[in-house]
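**Student:** The following block contains the structure, expressed as structure tokens.
The values are calculated or read from the model by the stated rules, or taken from the named source; none is laboratory data. Since the structure is predicted, the reported quantities are computational estimates derived from the model, not experimental observations. Each accessible area value is taken on the protein alone, full model and side chains, heavy atoms only, with ligands, DNA and RNA left out. Shrake-Rupley method; radii C 1.70, N 1.55, O 1.52, S 1.80 Å.
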Amino acid sequence: AGGRGKDGAPIITFPEFAGFSDIPDDDFLNVVTYLTSIPSLEAASIGFIIIIDRRRDKWSAVKASLTRIAGAFPGNLQLVFVLRPSRFIQRAIADIGIKLYRDDFKMKVPIIMLNSVSDLHGYIDKSQLTRELGGTLEYGHSQWIHHRTAIENFAMTVKTTAQMLQTFGTDLAETELPNDVQCTEELLSAHTDHHSKLKDELKLAVKQGATLLTCIREPVTRSANCKLSSDELENVATVERLLAQLDETEKAFDQFWTKHHLKLEQCLQLRHFEHDFREVKLALDNLMEAQAGFADIGDSVTRVEHLLREQKQLEEKGQEPLEKAQSLAVHGEQLIQNNHYAVDSIRPKCVELRRICDDFTNETKKKYDILGKSLELHKQLDKASQWCEAGIYLLASQAVDKCQSQEGAETALVEIEKFLVTAKEHQLSNPKEFYNQFEMILTPEIKANAQRILQKLEDVQEMFDKRQVSLKKLAAKQMRPVQPVAPHPESSPKRASPKITRPA
């Protein structure tokens, strides 16, 4: 009923019950074992006090009860109180019987025979005894059964919930991470749903425990003067302990779930990263392959300009995959900084993405440099060729008859000198420097063309040199002094005419 002795020993009462001897031994043992398991270990260690009420029974019933208790009581006994039969003859028989059979009961605790409940009150306070034993302890058997059943059900709920969490945790720990985005998303969704259901189960269990606690404390809530019995206090402690156990289980599960959920999210991040990496890598490989196809450096100004336009288009086309690659590399670095578990897989991919981007950029710059050199080369060759053509035209346009006079020869020389000054603008005056400047792009075809033009340039230069020598000779002859001849006196002044020196 919840009463306690003066030292806190739990009291178990065997009330008057005519059919006590008919109860099977197994049932008796189960009930007594259960009753001794209810008090706390601290209270049970003090020892149990047993009160056997046989006031309306016979000595034989007392003897049977003591024998059964002595043979099957599972706990630590401190005292046994027997309210012996109240009828005179049965009481006398009980006095004799207890002396004869004390050793047979094999109890190493005192057995105290009491004549009335007033004698019992000398050992146990009335507040710890029910009304049947003259006490004031409130006890409702149906309520006791209701509370004990609820506590047992709650304990089973806590145990079942803990087992479900443990089973789910084991399943999570043994789950292999998927290798693609879709399976990872499905697994993450399934685990999250299962986790939500278990959390709902936990909430229901906590609510059940809180409701049970309120029911046990209801008498105190209803009346401030009411006090809970020791058993009821221990019931409260039991429910609180179960709630605390549930809370600890939930916290441990939440910690494990947080780690597992993070791992699944990181796995999904990794699968997305790997998927994006494959797409970007394929685009970059195609880009590098297209760039590698630009091996032509052009054989004319028009061709080189066309190649430069194509290179520009390729560069513009590559901006999007390059930006995606750079962005993906930055995302990968962020995953690493956030302590992703797959650092060893992410870092090499980031390095590779940056390397390919750098290779494309460097190769593009190299292509522009080569094509720029090629354009400059062909422009110079074109200018040189045009200069040669212009020189040949100039030489051809100088009429021989006009150059026979000093003025004509000097004019022709000036024209030639002016034209030769423009040769420096073409930077082709030194073939060795020319070859050194464009050595990196001199293919056999370009070299042959350059040699042809350089040879033509040399030939034209030689033509100019010869023409200059020729014109200078003509100009020098015209520069000789002419002696004046005086007229004869007999000649008429009117008919006199100057003598013209004929050129040689």
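**Student:** Tally up the carbon and sulfur contribution to the accessible surface of the stretch 114-209 as a whole percent, 1.4 Å probe, everything protein left in place.
**Tutor:** 52
**Student:** Round to a whole angstrom and tell me the spacing of the C-alpha centers of the stretch 235-259 and the stretch 337-370.
**Tutor:** 50
**Student:** Same structure again: Probe radius 1.4 Å, ligands and nucleic acids ignored: give me the carbon and sulfur share of the accessible area of the stretch 277-377 as a rounded percent. List each step's numbers first, then the result.
**Tutor:** Numbers: 2880 of 5770 Å².
Using a 1.4 Å probe with all protein chains present, the stretch 277-377 comes out at 50 percent carbon and sulfur.
**Student:** Over 20 Å between Cα atoms, which of K281/K324; K203/K251; K383/K473 qualify?
**Tutor:** Long pairs (Cα-Cα over 20 Å): K383/K473.
**Student:** Cα convex hull of the stretch 185-241: how many Å³ per residue? Please report the intermediate quantities before stating the final value.
**Tutor:** Working: hull volume 3.8 nm³, N = 57.
Convex hull volume per residue, Cα atoms: 68 Å³.
**Student:** Report the rotationally averaged projected area of the stretch 277-377 based on its alpha-carbon convex hull, in square nanometres.
**Tutor:** The orientation-averaged projected area of the Cα hull of the stretch 277-377 comes to 6.4 nm².
**Student:** In whole Å and largest first, what semi-axes does the C-alpha gyration tensor of the stretch 144-265 yield when each eigenvalue is scaled by 5 and square-rooted?
**Tutor:** Working: eigenvalues 311, 27, 23 Å².
Three semi-axes, in Å: 39, 12, 11.
**Student:** On C-alpha positions alone, give me the angle between the axis of helix 230-292 and the longest principal axis of the chain, in degrees, nearest 10.
**Tutor:** Roughly 20 degrees between the two axes.
**Student:** Also: Please work out the average accessible area per residue across the chain, using the 1.4 Å probe convention, and give it in Å².
**Tutor:** Working: 30790 Å² over 504 residues.
Result: 61 Å² of accessible area for each residue.
**Student:** While we're looking at this one, here's another question. In degrees, nearest 10, range 0 to 90: what is the angle between the Cα axis of helix 343-397 and the longest Cα principal axis of the chain?
**Tutor:** Between helix and principal axis, roughly 10 degrees.
**Student:** Which whole number in µm²/s is D for the stretch 354-426 by Stokes-Einstein, with the Kirkwood Rh taken over Cα pairs at 37 °C and 0.692 mPa s?
**Tutor:** 210
**Student:** Using a 1.4 Å probe on the protein chains only, how many percent of the accessible area of the stretch 379-476 belongs to carbon and sulfur?
**Tutor:** Details: 3240 of 6120 Å².
Accessible surface attributable to carbon and sulfur in the stretch 379-476 totals 53 percent.
**Student:** Over all directions, how big on average is the projection of the convex hull of the alpha-carbon atoms in the stretch 363-476, in square nanometres?
**Tutor:** Across all orientations, the stretch 363-476 yields a mean hull projection of 7.5 nm².
**Student:** Take the Cα pairs of the chain, get the Kirkwood Rh, then feed it into Stokes-Einstein at 37 °C and 0.692 mPa s and tell me D in µm²/s.
**Tutor:** 91
**Student:** Translational D (Stokes-Einstein, µm²/s) of the stretch 214-301 at 37 °C and 0.692 mPa s when Rh comes from the Kirkwood sum over C-alpha pairs?
**Tutor:** Here the translational diffusion coefficient equals 164 µm²/s.
**Student:** Grab the alpha carbons of the stretch 103-173, take their convex hull, and tell me the volume per residue in Å³. Mind dumping the intermediate values first?
**Tutor:** Working: hull volume 13.6 nm³, N = 71.
Looking at the stretch 103-173, the number lands at 191 Å³ per residue.
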